[in-house]
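The values are calculated or read from the model by the stated rules, or taken from the named source; none is laboratory data. Remember, predicted model here, so these are calculated numbers, not experimental data. Note: ideal-geometry Cβ built from the backbone for every residue, glycine included; neighbour counts use all protein chains shown.
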Amino acid sequence: MKAVGLLMLPAGWLLVLAAIVLFPSPALRGAFALAGFAVEVLGLGLTFRSHLIPREEKS
Amino acid sequence: MASPKFTELTTLACIFFIFLVPFAAAGLALMNVGLGRSRSAGHMMMASLCALAVAAISFFVIGFAWQGAIGEPAYALILSGKSWNWIAAQPFFFRRLFFDGSEMPLTALLQMFSVGLAAIIPLGSGADRWRLRAICLSTAILAALTYPLFAHWVWSGGWLAQLGVNYGIGRGFLDAGGASTIQVVGGLTALAITWILGPRRGKYSADGMAPAIPGHNSVFVLFGCILALVGWIGLNSAGAILFTGAAPSSAALIGINTMLAASASALTAAFITKVRFGKPDASLTSNGWVGGLVASSASCAFLSPAEALVIGSIAGTAITFSIEWLELRLEVDDPGGAISVHAVGGIWGLLALGMFGEFQRPVLNVAGDNVAGSINGIASGQWLAQLIGVATLLGFVLPLTYMVNLILNRFYAYRVSVEGERQGMDLHELGAGAYPEFMTHTDEFFPR
């Protein structure tokens, strides 16, 4: 889960970069960039989850 | 291309403001000391000093060569017919830095202080368990790689700054006082360090409780806030002059906005904690204060005072809840609150510039190019430029700093031994406590 979360962060960023290059229309570019940002947020959520401390390791 | 020459007045104003910046570092260092345990107080201050020193030297040796300055040589990729300037092409050791009255030495000086400030931010998160040599190692990477690369994209005419010129996205990514380059980069490094180190022993118990481990000196923390204010006024003013082309006279507006944002944020945090817990919480109020300063950094030169007040209030609310959420729900043990204050506060400040920013004057973002367009931030598409900058921080800077520190941790363990943590960082790493005349109480130790 940690690796997936960490990979989703740059994946979302690449979507944002693709939006800049591929879409000249401001509305479409904004929507695509927001979608890329949403992927990053999901990746961040997964990375946070993967760092929760297992119950047996809690003192 | 030669750097544009400043007038004597602008140079003098810049130097004055830059010399205030170390106060911000002193303030953050004092806050980190006060929010940590007494048995690690000396270690924290020593770590702050070492971080400043390592950051300055790493930036001198490598960092500035990769950061560069506006209008100086850089490497660029050509993508869809547009130039994407991604890294500077300066020689190492400041060898192309000429003290000829140009703005470049001023930029180098401000950056040297700024990178030290960014390096101090993660120390609060790693308090009570991060080894001194590991701190120096991590700081060297921050000052030589992470910070210069991102700062080049934002402050040295890099591809984020070029978004306005190349693609008509607002005025390109804007950040007058370092909300992204200093604060969010430092805050995300703090998050990476906290993940790698894990929580302090005894912080999370098997029954699901997360007992508070209070800071040992609230006077240090609150005094640190006032010192930080002085430094932030210098940082925001110098950054606005050097990186957005603001006139020295705009320092009055910048100072007012900085003060108002901090005040609104601190009072909001105090009010929320008073309503929720019955009494205002000193550490959360001080975190709110610094969070307000952080949130003001990006947009300090482009706001009206009333807007600064709104931005500060939202920052105070976001930071107060974020600290609790990170600690209790996401199990991120961040004794200094650095992640919430610097990463969350900074990201909010960057996005707020896209929403509230007003551009009455041309903005210097890329040499020779001033992007005309709508005065209002939202109408001009500035929100998108800011969103792209934030996406770059989360999608590039966070994985980079996490992976680099994770690899370094494999070769040299970042976390102190169990015995060292029990003994305290002062005795274990420095051989002497910060307060040798004090009695140590048993409740300062985690259960054995």
Looking at (1) surrounded by fewer than 20 Cβ atoms within 10 Å (Cβ to Cβ); (2) touching a residue at least 40 places away in the same chain (Cβ under 8 Å); (3) touching a Phe, Trp or Tyr at 6+ places or on another chain (Cβ under 8 Å), can you tell me which one B:Val115 breaks?
(1)
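This table checks each residue for (1) buried (at least 24 other Cβ atoms within 10 Å of the Cβ); (2) under 14 Å from B:Leu123 (Cα atoms).
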{"site": "B:Asn166", "(1), (2)": "no, no"}
{"site": "B:Gly178", "(1), (2)": "yes, no"}
{"site": "B:Val185", "(1), (2)": "yes, yes"}
{"site": "B:Trp195", "(1), (2)": "no, yes"}
{"site": "B:Gly208", "(1), (2)": "no, no"}
{"site": "B:Pro214", "(1), (2)": "no, no"}
Considering only residues of the range B:411-433 that are in a loop (DSSP other than H, G, I, E, B) and modelled with pLDDT of 95 or more, which is surrounded by the most Cβ atoms within 10 Å (Cβ to Cβ)?
B:Val416
Got a sec? Which of B:Gly198, B:Gly187 is within 14 Å of chain A (Cβ to nearest Cβ), under 30 Å from B:Phe59 (Cβ atoms) and more than 16 Å from the chain's Cα centre (by Cα)?
B:Gly198
Restricting attention to the range B:63-85, the residues that are among the small types (Gly, Ala, Ser) and farther than 22 Å from A:Leu17 by Cβ number exactly 4
Does B:Leu242 qualify as being within 30 Å of A:Val21 (Cα to Cα), crowded, with 24+ Cβ neighbours inside 10 Å and at pLDDT below 95?
yes
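Residue-wise test of (1) at pLDDT below 95; (2) within 8 Å of another protein chain (Cβ to nearest Cβ).
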| position | (1), (2) |
| --- | --- |
| A:Met1 | yes, no |
| A:Val4 | no, no |
| A:Pro10 | no, yes |
| A:Leu14 | no, yes |
| A:Ala19 | no, no |
| A:Leu34 | no, yes |
| A:Leu44 | no, yes |
| A:Phe48 | no, yes |
| A:Ile53 | yes, yes |
Residue selected from the range B:144-160 under the condition under 19 Å from the mean Cα position of the chain (by Cα) and not in a helix (DSSP H, G or I), by the criterion nearest to B:Leu387 (Cα to Cα)
B:Leu160
Being among the basic types (Lys, Arg) and either closer than 13 Å to B:Gly389 by Cα or more than 9 Å from every other protein chain (Cβ to nearest Cβ) (or both) is the filter here, so list the residues in the range A:21-32 that pass it.
none
Only one of B:Ala343, B:Ala315, B:Ala264 is aliphatic (A, V, I, L, M) and over 29 Å from B:Ile196 (Cβ atoms), namely B:Ala264
Any residue that is touching a residue at least 40 places away in the same chain (Cβ under 8 Å) and under 17 Å from the mean Cα position of the chain (by Cα) - is there at least one of those in the range B:79-86?
no
